[in-house]
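Participant: There's a structure below that I have some questions on.
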Amino acid sequence: MAAAGAINSGLRTFLFKTTTQSPFAPSFFTKLSLPTCLFLPNNHKFSHRPFCYSSTQLTSQEDNPRPEKWQNPNSNTRPNVLQILEERGLLESVTSDSLRSVCSDSNLGPLKVYCGFDPTAESLHLGNLLGIIVLSWFLRCGHNAVALIGGATGRIGDPSGKSLERPELDLVTLEKNISGIRGIIKKILVCPPDVCENAGEVKILNNYDWWKDVKFLDFLRNVGRYARVGTMMSKESVKKRLENVEQGMSYAEFTYQLLQGYDFVHLYEKEGVSVQIGGNDQWGNITAGTDLIRRLIGKSSENGTVVGSVPVVFGLTFPLLLKSDGTKFGKSEDGAIWLAPSLLSPYKFYQYFFTVPDDDVVRFLKILTFLNIEEIEEVERDMGKPGYVPNTAQRRLAEEVTRFVHGQEGLEEALKATEALKPGNADTKLDWKTIEGIAADVPSCSMNYDQVLNIPILDLYVSSGLLESKSAARRMLKQGGLYLNNAKVDGESKKIEADDIVDDKVILLSAGKKNKMVVRIS
């Protein structure tokens, strides 16, 4: 096997020639997006000394100021994404510290970073959001991102963090989930130019595209032989499952780490991806990929000669989203906090963050938003000052996260729905969409148009079920507590008019500050 390299300050390209190719044979024409230290063969007259060197020293804040729009400065450094992740509590482990210097040196070109998302549901949830946020930080620092949907691996199910095997998905459900997740990632991850001036590119891929033609024997011969069973058995996800004698682990689940590992091999060869990120429960799967790359790419199929022994790929993990009491952040009494507005309205998403405890809010501002650290520290100082208005920090958190996930339009919808829950706020013009945004959180009923039109207002409160009797409605009216579409009801002579039916579809009744009823008109 012959190797040739171009030696310059950004040495990144290897040419490896081979006479045979197969779906799983290593591609011996590999363009690396990282500097690679090329070692000479044993019989060369020079010592094993690399032609290039990457410092592992972390760039200081003074040397690497944070630009306002995270654009690449016109210098030999770019914003150091690892430093940013670390100061925000988004960095737990990295396979090699040299990534710290590599990611900030613009002479080396941008990195390609990937994160995987298995389509176990038609929407991603809050637990998946950290992966998107970390990818977005790489983008904002000028790197490129690949979001990988596990159309193939999703048929097996990742055993990481699971005590039981995941239920098998039928193909129709799987395709629906893939489509839904693709749409969410595209909407959230692609950074608009006015926010990220020099953001990198985004690719959304499906690993079924390269797994669908795989032959089992080819996979075992060309990939399986490089996987060490002892190493696979030592992974935490495997050990925990094997401790449960009754449940155990299926062979399919056991091979998941190898499947995900080969995804990294494929993306490394075909897309130039050199960094994989994931939650800390993914460490075993990520290192399975870096190990496979070293074994597959670093050896020829003819004589196993070691071509390179310095890591040219990296794995990075971030902490799982937890509350201060150690419980998972991302679940509610009703289930997952979905990112799809069809499963969880922007209003309810906003309200979830608006109710975060004070003990968690500053940390979540660092983890879940792109506000600079100085601004977050100012919010924290304000929380300790006399006269601080409760939930001010939570409001900022809710606004920033809702805007990131649902866009400005979704945030405005959430804010309008929040105002709609404040009786007497006549400045907020209600529409059908706004009222429907809160319908899941308040009681509702359905009535015919003819049942409602011209009915006395007190009768509507009773027939809708909001109040038990006209006498109760009359008492509430005298106390000034009856509202029709947020406007105070002044007298019991009021009758429902056509203009009172919002968009000819709904009416919002309020009795006091908390008791509400959405009347749907059919």
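Participant: What about residue 323, is it open to solvent by less than 70 Å² (accessible area, probe 1.4 Å), of a type in the set (Lys, Arg) and modelled with pLDDT under 80?
Facilitator: Details: open to solvent by less than 70 Å² (accessible area, probe 1.4 Å): yes; of a type in the set (Lys, Arg): yes; modelled with pLDDT under 80: yes.
In short, yes.
Participant: Right, something else. Using beta carbons and a limit of 8 Å, which pairs, at least six apart or on different chains, have the first residue in region 69-97 and surrounded by fewer than 16 Cβ atoms within 10 Å (Cβ to Cβ) and the second one modelled with pLDDT of 90 or more and among the polar types (S, T, N, Q)?
Facilitator: Between residues of region 69-97 that are surrounded by fewer than 16 Cβ atoms within 10 Å (Cβ to Cβ) and residues that are modelled with pLDDT of 90 or more and among the polar types (S, T, N, Q), the close pairs are 92/280; 92/317; 93/280; 93/317.
Participant: Taking the residues in region 402-415 that are surrounded by 17 or more Cβ atoms within 10 Å (Cβ to Cβ) and free of Cβ contacts under 8 Å to residues at least 60 places away in the same chain as candidates, determine which candidate is farthest from residue 340 (Cα to Cα).
Facilitator: Residues of region 402-415 surrounded by 17 or more Cβ atoms within 10 Å (Cβ to Cβ): 402-406, 410-411, 413-415.
Filter once more, keeping what is free of Cβ contacts under 8 Å to residues at least 60 places away in the same chain: 402-403.
Numbers: 402: 12, 403: 13 Å.
The extreme case among them is 403.
Participant: Sort out which residues of region 119-131 are open to solvent by 40 Å² or more (accessible area, probe 1.4 Å), in contact with a helix residue (DSSP H, G or I) (Cβ under 8 Å, 6 or more places away or on another chain) and closer than 21 Å to residue 284 by Cα, and write them in order of number.
Facilitator: Scanning region 119-131 gives a single hit, 120.
Participant: Next up: Just give me the residues in region 373-395 being open to solvent by less than 60 Å² (accessible area, probe 1.4 Å) and touching a residue at least 24 places away in the same chain (Cβ under 8 Å), in sequence order.
Facilitator: Within region 373-395, 373, 383, 391, 393, 394 meet the criteria.
Participant: How many residues are assigned to a loop (DSSP other than H, G, I, E, B) and within 15 Å of residue 453 (Cα to Cα) when one looks only at region 486-514? Spell out how you get there, then give the answer.
Facilitator: First, the residues of region 486-514 that are assigned to a loop (DSSP other than H, G, I, E, B): 486, 489-494, 496-497, 501, 503-505, 512-514.
Checking which are within 15 Å of residue 453 (Cα to Cα) leaves us with 493-494, 496-497, 501, 503-505.
Final tally of qualifying residues: 8.
Participant: Taking interchain pairs and intrachain pairs at least six residues apart, which have beta carbon atoms under 8 angstrom, with the first residue in region 179-190 and farther than 12 Å from residue 203 by Cα and in contact (Cβ under 8 Å) with a residue 12 or more places away in the chain and the second in a helix (DSSP H, G or I) and not polar (S, T, N, Q)?
Facilitator: Filtered contacts from region 179-190: 187/407; 188/132; 188/404; 188/405.
Participant: Can you tell me how many residues within region 159-211 are farther than 30 Å from residue 242 by Cβ, open to solvent by 70 Å² or more (accessible area, probe 1.4 Å), modelled with pLDDT under 70 and not acidic (Asp, Glu)?
Facilitator: Qualifying residue count, region 159-211: 0.
Participant: Name the residue that is surrounded by the fewest Cβ atoms within 10 Å (Cβ to Cβ), counting only residues in region 465-485 that are outside any loop (DSSP other than H, G, I, E, B) and among the charged types (D, E, K, R). Let's see the steps before the verdict.
Facilitator: Let us first name the residues in region 465-485 that are outside any loop (DSSP other than H, G, I, E, B), namely 470-478, 482-484.
Still in the running and among the charged types (D, E, K, R): 470, 474-475, 478.
Values: 470: 15, 474: 15, 475: 13, 478: 10.
Across region 465-485, the extreme among qualifying residues is 478.
Participant: Ok, one more. Tell me which residues, restricted to region 269-295, are in contact with a helix residue (DSSP H, G or I) (Cβ under 6 Å, 6 or more places away or on another chain), of a type outside the set (Gly, Ala, Ser) and within 16 Å of residue 149 (Cα to Cα). Write out each step before concluding.
Facilitator: As a first pass, look at region 269-295 and keep what is in contact with a helix residue (DSSP H, G or I) (Cβ under 6 Å, 6 or more places away or on another chain): 273, 276-278, 284-285, 288-289, 292-293, 295.
Checking which are of a type outside the set (Gly, Ala, Ser) leaves us with 273, 276-277, 285, 292-293, 295.
Residues satisfying the conditions are 273, 276, 277, 285.
Participant: Run down 183, 200, 230 and say which single residue is in a helix (DSSP H, G or I), within 21 Å of the chain's Cα centre (by Cα) and either on the phi > 0 side of the Ramachandran plot or not assigned by the TED database to the domain that holds residue 410 (or both).
Facilitator: Details: 200 fails: in a helix (DSSP H, G or I); 230 fails: within 21 Å of the chain's Cα centre (by Cα).
Exactly one of 183, 200, 230 is in a helix (DSSP H, G or I), within 21 Å of the chain's Cα centre (by Cα) and either on the phi > 0 side of the Ramachandran plot or not assigned by the TED database to the domain that holds residue 410 (or both), namely 183.
Participant: From the residues in region 106-116 that are in contact (Cβ under 8 Å) with a residue 60 or more places away in the chain and farther than 28 Å from residue 362 by Cβ, which one is most open to solvent (accessible area, probe 1.4 Å)?
Facilitator: Going through region 106-116, the residues in contact (Cβ under 8 Å) with a residue 60 or more places away in the chain turn out to be 107-116.
Those left that are additionally farther than 28 Å from residue 362 by Cβ: 107-112, 114, 116.
Numbers: 107: 96, 108: 16, 109: 17, 110: 53, 111: 1, 112: 46, 114: 3, 116: 45 Å².
Here the answer is 107.
The values are calculated or read from the model by the stated rules, or taken from the named source; none is laboratory data. Source: prediction; values computed, not measured. Every residue, glycine as well, gets a Cβ built from its backbone with ideal geometry; the counts of neighbours run over all protein chains shown. Quick note on the areas: whole protein, heavy atoms, side chains included, nothing else; ligands and nucleic acids left out. Shrake-Rupley method; radii C 1.70, N 1.55, O 1.52, S 1.80 Å.
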